[in-house]
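Just so you know, all these numbers are worked out from the coordinates, no wet-lab data involved. Owing to the predicted nature of the structure, the values given are computational and were not obtained by experimental measurement. Every residue, glycine as well, gets a Cβ built from its backbone with ideal geometry; the counts of neighbours run over all protein chains shown.
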Amino acid sequence: MLAAIWRTSDTYLAVTVVVLLVLSGFFAMAETSLVRMNKSRARSLRDQGRHGAKSLVDLAENPEQFLNPLLLLILICQLVSATMVGVLAGHLFGAAGVFVATAGEVVVIFVAFEAIPKNFAVQHPDRAALASAPMVSRILRFPPIRWISRFLLAIADGVMSLIGAKGSAQSVTELEVLALADVAHEDKVIEEDERDFIHSIIEFGDTVVREVMVPRMDMVDIERVDTVRAALDLAISTGRSRIPVLGESVDDIVGIVNLRHLADLVLRGQGEEEVGTHAKTAHFVPETAPVSAVLAEMRKEKVHLFVVIDEYGGTAGLVTLEDLIEELVGDIDDESDVETESTVEERRGESELVVSGRSNIDDVNDDYGIDLPKGGWDTVGGLVLDAAGGVPAVGESFVVKNFKLTVLRMDGRRIEDVLVEHEWPNE
């Protein structure tokens, strides 16, 4: 009986419905895969020479050009196919057939042409994006689609502006880059050292000179009236390749001498001359300067040491090229480095840590997964001094944000070793 009432036009309707549903599934897969694709991944696929990657890069760099047209096409395919199914079912089965066919189409569209294509795009984002990008690019160049989507988008933007919901361009933040590096390491895409280096580069841009400099109290210097030979002996005994030359005081640095130049002067018989007459011009930088800017300035001036000054123009310390490089790649030890007891960190059990008062708080927090507070100080010793409200004595303890800080050793007024007690995170 069904064959008796089936018409040639019904065949065309059925074929059209199938085509529209297949296109709907393709557009659903394209929407999911292209929305999930970021510019860096698309460019990586293009560099690998993957087919379709060129179109993919164009779409990924301008997501607004494909998203609305795709949503429009999905809506058109599903609505038109639903209408045709209703017409066909009504002709063949009457009013009851329309209801059954509509319910069945909802299930078919959701399972076969929504859930499956989108899940495939989620599980195989590269394959789905590369397969769909060339077709989507061609469709977007079709004038009617472009005109209709722009018209509807203009209406949507007008409505959003009336309710105060203005769109804004999104950009990748530093935290997102750090998170991507962590995820890549967890997925074994990059090594731990590579992950740490990415973290160091990002943090390098937020670091100021004060955090990496050799403080004033640790400076090795010489007065300008001392002899060249004395300066050479001092450089050799302390392992310094460059030494600042002082005038009236440590706040009056008149120049810099380096080990090689001093040795050359001694060999030429000028060892008893005043070192100040052979000092080279000193370069100065404020303690709040970004280390990235200082590194660029060192490259420009071809110098390896800057004198760091505070807001009053006094000497706050020294920063060397090695200090800046270590901020990126970690400590660099050579045969001239002098190990000191105060630079050693020691973990005691599950809740105790002995740390140098000179240790940077950010480094301690990163190394041990804790959250010592940081305010107007950069070092653990500065934190203790702030908590004490003065110069503490050996053995004194202070509680700061769930941490108990105990002074273990001091050198004059300097805090050398601190015992940090805390409930450590599970490892």
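Details
- Cα gyration tensor, the stretch 209-329 - rounded (a/c under 1.5), prolate or oblate: prolate
- For Val220, no residue whose modelled amide H falls within less than 5 Å of its own remains once neighbours fewer than 5 places apart on the same chain are excluded.
- Measuring how big the stretch 223-285 is from its alpha-carbon positions, Rg and Dmax come out at 10.8, 35 Å.
- About its Cα centre, the chain has a charge dipole of approximately 3880 debye under the convention of +1 per Lys or Arg Cβ and -1 per Asp or Glu Cβ, with nothing else charged.
- Packing rank of 51-57, 414-420, where each peptide gets the mean count of other beta carbons within 10 Å, highest leading: 414-420, 51-57
- Selection from Tyr12, Val420, Ile309 lying farthest towards where the dipole of the chain points positive, charges on Cβ: Tyr12
- Considering only Ser33, Ser292, Gly369, the residue lying farthest towards the positive end of the dipole of the chain is Ser33, judged by Cα position with unit charges set on Cβ.
- In plain terms, if you count all Cα to Cα distances in the stretch 341-421 and split them into 5 Å steps from zero, the share in each step is 3, 17, 32, 30, 15, 4, 0 percent.
- Estimated dipole of the stretch 33-157 in Debye, rounded to 20 [Cβ of Lys and Arg +1, of Asp and Glu -1, Cα centre]: 500 debye
- Most fluctuating residue given options Ser237, Ser292, Ser137, as computed from a GNM of the chain linking Cα atoms under 10 Å: Ser137
- Per-residue 3J(HN,Hα) values for the stretch 221-233, derived from phi via the Karplus relation 6.51 cos²θ - 1.76 cosθ + 1.60 with θ = phi - 60°, read 9, 9, 7, 5, 7, 6, 7, 4, 5, 5, 5, 5, 4 Hz in sequence order (x marks Gly and Pro).
- In order along the stretch 137-148, the Karplus-derived 3J(HN,Hα) couplings, from 6.51 cos²θ - 1.76 cosθ + 1.60 at θ = phi - 60°, round to 4, 5, 5, 5, 7, 6, x, x, 4, 5, 5, 5 Hz, and Gly and Pro are given as x.
- Computed log₁₀ I(q)/I(0) - Debye formula, equal Cα scatterers, no solvent, the stretch 4-67, q 0.11, 0.19, 0.21, 0.30 Å⁻¹: -0.42, -0.74, -0.83, -1.17
- Net charge, Gly314 excluded, C-beta distance under 11 Å - Lys, Arg +1, Asp, Glu -1: -4
- Approximate shape of the stretch 2-162 as ellipsoid semi-axes (Cα gyration tensor, √5λ), whole Å, largest first: 34, 19, 14
- Karplus (6.51, -1.76, 1.60) ³J(HN,Hα), θ = phi - 60°, over the stretch 152-157, in Hz, Gly and Pro reported as x: 5, 5, 4, 5, 4, 4
- Taken about its Cα centre, the stretch 209-329 carries a charge dipole of about 520 debye when Lys and Arg each add +1 at the Cβ and Asp and Glu each add -1 at the Cβ.
- Long-range HN-HN contacts of Val254 with modeled amide H, under 5 Å: Val245, Leu246, Gly247
- Value of relative contact order over the chain, rounded to a whole percent, pairs C-alpha under 8 Å and six or more apart: 10 percent
- Considering only Val254, Val159, Val208, the Gaussian network model of the chain with Cα springs below 10 Å gives its largest mean-square fluctuation to Val159.
- Taking Arg268, Arg36 and counting other C-beta atoms within 10 Å, the order from fewest to most: Arg268, Arg36
- Packing rank of 65-76, 111-122, where each peptide gets the mean count of other beta carbons within 10 Å, highest leading: 65-76, 111-122
- Here the sum of -39500 (n - 2.57) over DSSP H runs of 4 or more residues, divided by the residues of the chain, equals -16500 deg cm²/dmol at 222 nm, to the nearest 500.
- Likely footprinting exposure, Phe142, Phe197, fewest C-beta neighbours within 10 Å first: Phe142, Phe197
- Nearby lysines by direct alpha-carbon distance to Lys374 (threshold 18 angstrom, same-chain neighbours under 8 apart not counted): Lys401, Lys404
- Fraction of beta bridges assigned by DSSP in the stretch 204-303 that are antiparallel (%, nearest 5): 80 percent
- Note on the chain: with a GNM built from Cα contacts shorter than 10 Å, the maximum mean-square fluctuation among Asp366, Asp226, Asp58 falls on Asp58.
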